[in-house]
1. Restricting attention to the range 42-89, which residues are surrounded by fewer than 24 Cβ atoms within 10 Å (Cβ to Cβ), β-branched (Val, Ile, Thr) and under 20 Å from Ile213 (Cβ atoms)?
2. Collect the residues in the range 240-266 that are aromatic (Phe, Trp, Tyr) and not in a helix (DSSP H, G or I), keeping them in residue-number order.
3. May I ask you to verify whether Val203 is out of contact with any strand residue (DSSP E or B) (no Cβ under 9 Å at 6 or more places or on another chain) and buried (at least 19 other Cβ atoms within 10 Å of the Cβ)?
4. Which one is farthest from the chain's Cα centre (by Cα), of the residues in the range 193-223 that are assigned to a helix (DSSP H, G or I) and among the polar types (S, T, N, Q)?
5. Over 17 Å from Leu184 (Cβ atoms) and aromatic (Phe, Trp, Tyr): is that true of Phe47 in this structure?
6. Among the residues of the range 129-162, count how many are among the aromatic types (Phe, Trp, Tyr), under 17 Å from the mean Cα position of the chain (by Cα) and more than 13 Å from Phe24 (Cα to Cα).
7. Restricting attention to the range 162-183, which residues are touching a Phe, Trp or Tyr at 6+ places or on another chain (Cβ under 9 Å), of a type outside the set (Val, Ile, Thr) and either part of a helix (DSSP H, G or I) or closer than 16 Å to Gly37 by Cα (or both)?
8. On the basis of being part of a helix (DSSP H, G or I), modelled with pLDDT of 80 or more, touching a Phe, Trp or Tyr at 6+ places or on another chain (Cβ under 7 Å) and surrounded by 10 or more Cβ atoms within 10 Å (Cβ to Cβ), does Ser269 make the cut?
Amino acid sequence: MNYLWQWVWPPGLWANSDVRTAFFIGTSVAIAGAVVGVFVIIRGQAFSGHALGDVGATGAAGAYLIGVSALWGFLAAGFSSGIAMESLGDRVRERDIATGVVLAFMLGLSALLLYFISTSTGTAGAPIAILFGSLFTVNPAITPEVFALTALAIVIIALIYRPLLFSSVTAEVARVRGVSTRLLGLMFMVALVIAVEESALVVGALLSTALLIGPAASAVQVTRKPTSAIFLAVLIALGQIWLGIILAYDSFLWPPVDRGWPVSFFITSLALLTYLTMRLGTSISRHRRSRRPRTTSTSSLVASDAQGGTLT
């Protein structure tokens, strides 16, 4: 039993200041990503989330060159690109085209800035940290800023929850009823940028959607109720972050000894494993239900919490 507990909570884990910072910042980022991620799934904006993570690398590279915290670089590039994406396209198809155009330019600019970093500093450490992240090397001084940004994202979602959910599942009906879908889209984009760029700080620009899409996609496999999906997504995200940190800490005892494995590898692997497990469980459950005799016919429900229904 003692050996099992030492594996779950390795000796000296909490005494390490880098680990404490990783837990604090990781927890905050996981909550923001899970809450926003459920709406990303509902609205079909996974591509936008992925693109924002990629363009965030441009801002982080620029911030590194001028000596500013990477967090502000991620956010600056994310906000400018996110507003451009949302302004250029309203419908899903339009958003995808606008996102593709903005993404192509920002990736080209990112390549240029990362090239400048490599040639001017003579090190590949910064580009690797920007693209793949390193939760254990995050500056603890930015912890209050991360907490504040997470709180801002959650407040935005709480304020626009019902109209956002309504417009996300029945956009045309929402417009007819006078809902300003463009304003809602811009407000949601602010929350999305915060969630994505915070995630990029933890697992890197290229892997940022792991915390945005993974927990939310797993939760939606289990429940179609938005509030339940958000709550479950938060629990899944926290489990992935915390277990990922512990495994990364333990990995310093694995080959190659004293080198350690990237925490982003564990987080993304756990995200995939959780999603596959949830999907398999849901498929088995649906198969069993389909073999039961039907006593009443059911129709697909498409509604929001404002309508008193569930998601399709």
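1. Listed by number, the list holds a single entry, Ile42.
2. Here is the first cut: in the range 240-266, the ones aromatic (Phe, Trp, Tyr) are 242, 249, 252, 254, 261, 265-266.
Of everything in the range 240-266, those that are aromatic (Phe, Trp, Tyr) and not in a helix (DSSP H, G or I) turn out to be Trp254, Trp261.
3. Details: out of contact with any strand residue (DSSP E or B) (no Cβ under 9 Å at 6 or more places or on another chain): yes; buried (at least 19 other Cβ atoms within 10 Å of the Cβ): yes.
Judged against the criteria, Val203 is a match.
4. Step one: filter the range 193-223 for residues assigned to a helix (DSSP H, G or I), giving 193-203, 205-207, 209-222.
Still in the running and among the polar types (S, T, N, Q): 199, 209, 218, 221.
Numbers: Ser199: 6, Thr209: 5, Ser218: 13, Gln221: 17 Å.
Of everything passing the filter in the range 193-223, Gln221 is farthest from the chain's Cα centre (by Cα).
5. Working: over 17 Å from Leu184 (Cβ atoms): yes; aromatic (Phe, Trp, Tyr): yes.
Answer is yes for this residue.
6. Our first condition is that a residue be among the aromatic types (Phe, Trp, Tyr); within the range 129-162, this holds for 132, 136, 147, 161.
Now restrict to residues that are under 17 Å from the mean Cα position of the chain (by Cα): 132, 147.
Narrowing the set further to residues that are more than 13 Å from Phe24 (Cα to Cα) leaves 132.
Selection size over the range 129-162: 1.
7. So in the range 162-183, the residues touching a Phe, Trp or Tyr at 6+ places or on another chain (Cβ under 9 Å) come out as 164-165, 168, 173-174, 177, 179.
Those left that are additionally of a type outside the set (Val, Ile, Thr): 164-165, 168, 174, 177.
Those that are touching a Phe, Trp or Tyr at 6+ places or on another chain (Cβ under 9 Å), of a type outside the set (Val, Ile, Thr) and either part of a helix (DSSP H, G or I) or closer than 16 Å to Gly37 by Cα (or both): Leu164, Leu165, Ser168, Ala174.
8. Values: part of a helix (DSSP H, G or I): yes; modelled with pLDDT of 80 or more: yes; touching a Phe, Trp or Tyr at 6+ places or on another chain (Cβ under 7 Å): no; surrounded by 10 or more Cβ atoms within 10 Å (Cβ to Cβ): yes.
For Ser269, the condition - part of a helix (DSSP H, G or I), modelled with pLDDT of 80 or more, touching a Phe, Trp or Tyr at 6+ places or on another chain (Cβ under 7 Å) and surrounded by 10 or more Cβ atoms within 10 Å (Cβ to Cβ) - is not met.
The values are calculated or read from the model by the stated rules, or taken from the named source; none is laboratory data. Since the model is a prediction, treat every value here as computed from it, not as a measurement. Glycine gets a Cβ as well: all are built from the backbone with ideal geometry, and neighbour counts include every protein chain shown.
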